[in-house]
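The values are calculated or read from the model by the stated rules, or taken from the named source; none is laboratory data. A quick note: this is a predicted structure, and the numbers were derived from the prediction, not measured. Cβ sites come from the backbone with ideal geometry, for glycine too, and all protein chains shown count toward neighbours.
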Amino acid sequence: MRRWLTRRSRIPAVLRLTLAVILAAGAVAVLAAPSSEGQTSSGAGVPGGPPAGVNAPSKSPEPPAPGDPVKTFPDSPALRAQGYTLYQAGCSSCHGIALQGTPGVAPSLRGVGAGPVDFYLSTGRMPLEQPREEPQRAPALYTRGQIDALIAYVASFGGPPAPTADPAKGNLALGLHEFTLHCAGCHQVVARGGLTVNVPVPDLLAATPQQVAEAVRMGPYVMPHFGTRQIDQHDLDSIARYVLWTRHPVNAGGWAIYNLGPIPEGIVAWFMGLAALVIVARLIGERLA
Amino acid sequence: MNVLQRTLERRFLRGTRWLEQRLGAAKGIKWLLSYVFPDHWSFLLGEIALYAFIVLVGTGTFLALYYIPGDSQVIYHGPYALLQGEQMSEAYRSVVDLSFSVPAGLLFRQAHHWAADVFVAAIVLHLCRIFFTGAYRKPRDVNYFIGLTMLMLAILEGFAGYSLIDDLLSGMGLAIAYGVALSLPGIGAQLGYLVWGGPFPGSSSFLPRLEIVHVFLIPGTLAVLITLHLVMIMRQHHSQFPGPGRRERNVVGTPLWPAYALRSIGLLLAVAGVLFLLGGLVQINPIWQWGPFHPYLSENGAQPDWYIGWLIGALRLMPNWEPAIGNYTLIPNPFWGGAAFPLFVFIVMFAWPAIERRFTRDHLRHDLLDRPRDRPTRTAIGAAFLSWVMIIFAVGSTDRLFFRLHISYTAQIHFWRAGVWVLPILIFFITRSACRSLRRTDTHPMRAWQGTVVRRGPDGSITRLGDSADRTQSRPSEEPVGTVPAESER
Amino acid sequence: MSTGDGSPRLRPIARTLAVLVALRTAVRTATGRERPGPPAPPDVDPSERIVPASRRAETIVAALLLAAAVFGFGFTFVYVVSGENTQLLGLAVGGMLALLAAAAIIAGKLVVPQEQSVEQRDPLLVEEQAEEIVEIVEAGGEGVSRRALLAGAGGVAGAALITAAATPVASLGPTLNGIHTTDWKRGVRLLDTSGRPYLAADIEIGTFYTALPEGGDPEHLGAGLLVVRLPPEFLHLPPARQSWAPDGIVAYSKICPHAACAISLYRYPTYRPTSVEPAFTCPCHYSTFLPGEGGRLVFGPAGRALPQLPLMVDADGYLRAAGPFHEDIGPSWWNIHRGQS
């Protein structure tokens, strides 16, 4: 302790203060930055439309309303066969060789349809290493073609069609309004993520409109799912457009410091504003003589 | 050239005579021009706060010309696309308009907000300097109390300021403030109804009242207290660190004119410069992104400005104790974190000079400051207390830590419920032992080194070039001024 | 200390005192409360005056001032050309101020004379003057005989004055009328935020709905409701509330009973065995409540359960309140009506 405290330093004080400011700015970045990778969602399995047996998931994907656009994925016997092979190799150990799930480990996938499969696989949340861990956003393990194959195979067991969203048809103001009402409680109003107790909520910086639509309708992991009574297709298009907008929101004020609000603002006030002024005070506080 | 100079000098003399004929203030002006400021950078922290206040008044006046404290619901039809057709209060619309439709409006708003953040930060740093150097001792105890009062007012003032806007964040902050007001034992509901003019979100008179508080009552009080603070400093002169020729009875430093005046003006300009640079380049409180407030709306990660952060930390850390007998709630839970905690912190700080006198029996006047290491117990108590408050402050952002690092939020809260007591005790002992060892070696922890500079010649002989610059300060050797026995001093 | 009186023989009491004082000093020195006296510093006179007379510094200051002028005019120019460009405006005005600051500081340190001088402090207290003040003031009471009476009467009058001055504060706020009531009464329909009434059939498992009272004030603190439908596996209401949840639909006040924030977090597991039970969480201080158990608190600082509103379904299938809240909504206060749970 004593050696450390009384150790001499050859770095001039002003440089040391400057260094401290830079380090603090780094701390802002580490503490406040939203983590695109730090996503979570969707625990284990995906829900089944008509509850299928004892190992069904607790909630099922909302079907699109009649007349709403749906996302169609490629389908063919060959694709299903490829999907079967991939499924048996990568998914069956938890979800069962016949999609029936494993009680206490993973839910049945019968009747979940295409949407959840596309969501979990395209966001890299599945497959999981441990059934109890929270699925996090990650680079997708499967190629687009492999995902399509798995979708074709799982969707062949039935389920609602996958929803979709077209940001071009959405209205930004409506998107903000609906996002605040339904989504901001967990995802933060500029979609920077947050938490519900003991489940981190992902930011939506990397979410595509298709993934937004799928997540809204199915409610991955502990997220609620939203039907057309709460969020109709126009609202969904608008939310998708708003989520895209939050990647580059209107930052008329300058450097956005992650659009998080007061935490990074406080760090900047102390470690850039006040620190710079303390350096000035340090410079003028003593006579030059 | 010389002619010009002589003319100017004559003019100046004539002006001075004109003034003297009317005021006769020559003695006071001469005294002021040669008023001595001791040289140490840490004496400028309070000045930073003062200059931030000046920036606040200037920018705030501009903002007040545009702000409308109205709660009637209107539909937005301004240039900002994301709020088109949205229902919002008149107050929120006026601030969105100020940000997007008034030239330089956003610059002033942001500079004002940064100035508020830096203002309170500078006061806190100034308070730390005062505490750890013992500058609150007689004769400066009254001025210390004024300073603490100003800190409380500054926090209230900041909260009132960002609550005026009626955006989603400020609405949530006011909801919590309402919860804390209601939690005051016995009188809470009456007080809450008095302030809000009814149940939350309050009657139409609430925002106009808040505006009067923010632009008139608190700033006016602050201005009066600042004046008192400065007058008392001038009367007593600054305290100073011990050093060659520096005694209890004198003050050594730079006279106001000319060098100090220029440096001080430089600091004022630097404060304004930094705040306007931040205001122009770093976004603060982008209210258009938060959207308008309604009581049934909220968002994740909502936080208050930093100087309220210690309260949100305390509110989150507190277990759910809420003793009640039947329908009589003795102490509603938000009272602990939102009212009892800050009251306790301020009571301790107000009582500290008396507590210290009680234990040291030192009732003397002190104009020479202590180096923190020379008072290991005081420094250790201060560090422990500060760390206690800072831990609670930091707990206010554990949710962000959970988001970043995935350390279970509930586990963090449970850990800190114990850690908030254990860690300050550890810090007390570490600080005290560090102070003692520093005092023994008498070196500066960051800059001073002791030794002799030598050169070894080719023949192995050693030439002494000189000693290290002796920057350690000698201790006061004389008795402090005013050596009157303790009892007659109270 | 008065132990030494010059006499060569110390009396016993004085000797004991001397020992005590020495002990105290030793203890204080050992515990660091008092330092042994250091050698006196050399009594130097620190006064000095240095005249820098640096033409180079003067040039730098002049250059800084001119540069500041450029930024200052630049501000006006940017303001006229594009008044919305906050970054350019900030750079211009902030740059001007920073350059002026640099000029003033350099001038203060390198151009004008550098002086260190010594000023004597005022002793502040001069005993005679304090006594004189007391004498002057007391002389003003010469000949007044019934001081106690006058002081007492003056005190009473002062108290009355303060009371009278403080009384109008009460006109700021209404009385607590209506603090126990909300717009939710038996038969009030549940509307969504755009005003459409909810059918019981609209409410699905695994999601939450925000509801407002039909005909009520949406900005009232008690207006907002959280409505969810739970399957039997998660529905364990207290026995007295079994009838409050038609078809498993439960409704709670949206306002956290801790500090009045809106509860806008609902977690609902996709697969219960590998994740958490359904719960509401308040985003302000993370109080967490179980909708299936009458709003029981499982984590966080709230001192009460989340108030539940009894529901019913009418003949047309619309959701309606089956009665008012059985306890007060909103943050706790002294006489809040607390629920049974």
Task: Filter result for C:Arg147 (facing chain B (nearest Cβ under 7 Å) and farther than 30 Å from B:Ser99 by Cα) - done: no
Open item on the list: For segment B:303-339, give me each residue that is more than 13 Å from chain C (Cβ to nearest Cβ) and out of contact with any Pro (no Cβ under 9 Å at 6 or more places or on another chain).
Closed with: B:Tyr307
- [ ] Could you figure out which of (1) within 12 Å of another protein chain (Cβ to nearest Cβ); (2) surrounded by fewer than 22 Cβ atoms within 10 Å (Cβ to Cβ); (3) among the hydroxyl-bearing types (Ser, Thr, Tyr) isn't true of B:Thr149?
- [x] (1)
Task: Filter result for the condition that a residue is in contact (Cβ under 8 Å) with a residue 24 or more places away in the chain, over 21 Å from B:Ile287 (Cβ atoms) and away from chain C (no Cβ under 13 Å), over A:Gly170, A:Gly175, A:Gly227 - done: A:Gly170
Task: From the options C:Glu131, C:Glu138, residue that is more than 45 Å from the chain's Cα centre (by Cα), in a helix (DSSP H, G or I) and surrounded by 10 or more Cβ atoms within 10 Å (Cβ to Cβ) - done: C:Glu131
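Here is a yes/no grid of residues against (1) within 9 Å of chain B (Cβ to nearest Cβ); (2) small (Gly, Ala, Ser):
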| residue | (1), (2) |
| --- | --- |
| C:Glu58 | no, no |
| C:Gly72 | no, yes |
| C:Thr76 | no, no |
| C:Val81 | no, no |
| C:Ala92 | yes, yes |
| C:Gly95 | yes, yes |
| C:Leu99 | yes, no |
Task: Given (1) at the interface with chain C (Cβ under 8 Å from one of its Cβ atoms); (2) under 23 Å from C:Lys254 (Cα atoms); (3) of a type in the set (Phe, Trp, Tyr), number of the condition B:Tyr260 does not satisfy - done: (2)
Task: Qualifying positions in segment B:245-257 - out of contact with any Leu (no Cβ under 9 Å at 6 or more places or on another chain) and either closer than 12 Å to C:Gln120 by Cβ or assigned to a helix (DSSP H, G or I) (or both) - done: B:Arg249, B:Asn250, B:Val251, B:Val252
TODO: Kindly check whether there is at least one residue in segment B:14-37 that is surrounded by 13 or more Cβ atoms within 10 Å (Cβ to Cβ) and among the β-branched types (Val, Ile, Thr).
DONE: yes
Open item on the list: Which of the strands (runs of 3 or more DSSP E) found entirely inside segment C:239-321 contain at least 2 residues meeting this: in contact with a Phe, Trp or Tyr (Cβ under 6 Å, 6 or more places away or on another chain)?
Closed with: C:288-290, C:319-321
Task: Candidate set: segment C:204-245, residues that are in contact with a helix residue (DSSP H, G or I) (Cβ under 8 Å, 6 or more places away or on another chain) and under 23 Å from A:Leu174 (Cβ atoms); chosen: the one farthest from the other protein chains (Cβ to nearest Cβ) - done: C:Leu226
Task: Positions within segment B:389-435 being modelled with pLDDT under 90, within 8 Å of chain A (Cβ to nearest Cβ), more than 20 Å from B:Leu311 (Cα to Cα) and not in a loop (DSSP other than H, G, I, E, B), in sequence order - done: B:Phe403, B:Arg404
- [ ] Considering only segment C:42-56, state which residues are under 23 Å from B:Pro258 (Cα atoms) and within 12 Å of chain B (Cβ to nearest Cβ).
- [x] C:Asp45, C:Pro46, C:Ser47, C:Glu48, C:Arg49, C:Ile50, C:Val51, C:Pro52
- [ ] Would you mind listing the helices (runs of 4 or more DSSP H) fully within segment B:1-117 where at least 3 residues are touching an Asp or Glu at 6+ places or on another chain (Cβ under 8 Å)?
- [x] B:90-100
Task: Enumeration of residues in segment C:304-326 that are farther than 16 Å from C:Ile249 by Cβ and of a type in the set (A, V, I, L, M, F, W, C) - done: C:Ala305, C:Ala315, C:Phe325
Task: Neighbours by Cβ (under 8 Å, 6+ apart or cross-chain): first from segment C:210-225, touching a residue at least 40 places away in the same chain (Cβ under 8 Å) and farther than 19 Å from C:Ile249 by Cβ; second polar (S, T, N, Q) and surrounded by fewer than 23 Cβ atoms within 10 Å (Cβ to Cβ) - done: C:Gly222/C:Thr181
Open item on the list: For the structure I just gave you, tell me whether B:Tyr76 is among the aromatic types (Phe, Trp, Tyr), more than 28 Å from the chain's Cα centre (by Cα) and surrounded by 15 or more Cβ atoms within 10 Å (Cβ to Cβ).
Closed with: yes
Task: Residues that are under 20 Å from B:Leu210 (Cβ atoms) and either touching a residue at least 60 places away in the same chain (Cβ under 8 Å) or within 12 Å of chain C (Cβ to nearest Cβ) (or both), drawn from segment B:79-97 - done: B:Met88, B:Ser89, B:Ala91, B:Tyr92, B:Val95, B:Val96
Open item on the list: Filter segment C:248-283 down to the residues that are in contact with a Lys or Arg (Cβ under 7 Å, 6 or more places away or on another chain) and under 18 Å from C:Ala200 (Cβ atoms) and list them by number.
Closed with: C:Gly248, C:Ile249
